[in-house]
């Protein structure tokens with residue numbers, strides 16, 4: 001019996017995920033931001049244009065996740081609100097067209113769970129954030145491509161990125177919550 005190592009014997013930091021680059025399949029992925037309106041209702045905005053990848057190394061320390069989002073592609077299904085979100089009060093897309101992320105560390109945080117720490121840049125302001133990620137597994141899609149599934153969420157303070165606009169409401173509180181969630185549902189396809 002041979003002691004040679006085959007590609008299926010290679011140990012990777014995520015079970016079932018082979019080393020190499022995995023690209024975000026935009027057609028089967030969503031990135032959204034969720035904030036409270038009038039301190040009660042949750043309003044969700046979807047970003048329609050984005051890209052990203054995860055380069056799986058032999059260890060988590062050598063694994064890197066990156067993403068870039070077209071800030072102007074935000075869509076909350078209400079044109080006036082979308083225009084306001086694109087304005088200098090919020091995303092300021094005229095001066096800062098992209099939202100960018102690059103991981104610094106990825107750590108195990110339980111079964112199929114990972115804590116991804118990295119730098120997020122919004123409006124030209126870069127802050128460290130933590131994404132709580134869950135690995136959903138690996139499948140072969142109907143086209144014979146190997147795909148992996150990842151969900152992740154980060155709880156963020158929008159004011160720390162310079163988005164300080166708000167408006168007091170008569171019944172008390174403010175129009176837009178200070179905190180918002182960034183949510184990702186990603187299907188990743190192994191590059192050739």
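Values quoted throughout were computed directly from the atomic coordinates according to the rules given, and no laboratory measurement underlies them. Note that this is a predicted model, so its numbers are computed, not measured. Positions of Cβ are generated from backbone atoms using ideal geometry, with glycine treated the same way; all protein chains shown enter the neighbour counts.
Matching residues to (1) free of Cβ contacts under 8 Å to residues at least 12 places away in the same chain; (2) more than 23 Å from residue 189 (Cα to Cα):
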site	(1), (2)
32	no, no
61	no, no
83	yes, yes
93	no, yes
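Could you check how many residues of region 101-117 are on the phi > 0 side of the Ramachandran plot and in contact (Cβ under 8 Å) with a residue 12 or more places away in the chain?
So the answer is 1.
Here is a list: 137, 72, 94. Which entry is surrounded by fewer than 20 Cβ atoms within 10 Å (Cβ to Cβ) and in contact with a helix residue (DSSP H, G or I) (Cβ under 7 Å, 6 or more places away or on another chain)?
72
Filter region 84-99 down to residues that are farther than 24 Å from residue 167 by Cα and either out of contact with any strand residue (DSSP E or B) (no Cβ under 8 Å at 6 or more places or on another chain) or in a loop (DSSP other than H, G, I, E, B) (or both), then give me how many there are.
Summing the residues that are farther than 24 Å from residue 167 by Cα and either out of contact with any strand residue (DSSP E or B) (no Cβ under 8 Å at 6 or more places or on another chain) or in a loop (DSSP other than H, G, I, E, B) (or both) in region 84-99 gives 1.
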